[in-house]
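Contents: one structure, followed by commentary.
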Amino acid sequence: MEFNDYQKAANRTLYGNEQVLTNCALGLSSEVGEVVDLVRQYTFYSQNLDKKALTKEMGDVMWYLSQVAEWADIPFDNVAKDNIERLNKRYPNGFQQQN
């Protein structure tokens with residue numbers, strides 16, 4: 001699925017039209033916390049990594065990101081493309097750890 005297609009499909013499920021940016025930013029923060037908690041449980045409590053739950057929470061993060069982009073009239077494809085271009089400039093040979 002293309003990012004722009006995802007953005008439009010996700011927008012179909014956006015509720016409300018007031019305070020959309022604030023709602024999406026707060027929702028994003030909450031969902032990132034869910035991802036962090038799953039990683040914390042795996043890292044510090046020796047629990048199995050629940051990939052199904054992680055996939056769900058990452059999808060929720062993606063939904064909120066796509067709707068922030070939608071609100072700002074930024075094609076989601078552009079967000080992904082810009083990020084890769086910046087990473088390629090910053091790490092033209094891939095990331096290499098410095099000693």
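Each value in this text was obtained by applying a stated rule to the coordinates, not by laboratory testing. All values reported here derive from a predicted model rather than from experimental measurement. Heads up, the Cβs are rebuilt from the backbone with ideal geometry, glycines too, and the neighbour counts pull from every protein chain shown.
Quick rundown of the values:
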{"quantity": "Charge dipole (the chain, unit charges on Cβ, about Cα centre) - positive-most of Q19, V61, Q98", "calculated": "Q98"}
{"quantity": "Kirkwood estimate for segment 3-90, i.e. one over the average of 1/r between Cα atoms, Å", "calculated": "14.3"}
{"quantity": "Helical contribution to [θ] at 222 nm, DSSP H n ≥ 4, -39,500 (n - 2.57), averaged over the chain, rounded to 500", "calculated": "-24000 deg cm²/dmol"}
{"quantity": "Estimated vicinal HN-Hα couplings, Hz - segment 12-23 in sequence order (Karplus 6.51, -1.76, 1.60; Gly, Pro = x)", "calculated": "4, 9, 6, 9, x, 9, 9, 6, 4, 4, 5, 4"}
{"quantity": "Which of I74, I84 has the fewest Cβ neighbours within 10 Å, and the rest in rising order", "calculated": "I84, I74"}
{"quantity": "Candidate lysines for bridging to K52, where Cα separation is under 25 Å - those fewer than 8 sequence places away on the same chain excluded", "calculated": "K8"}
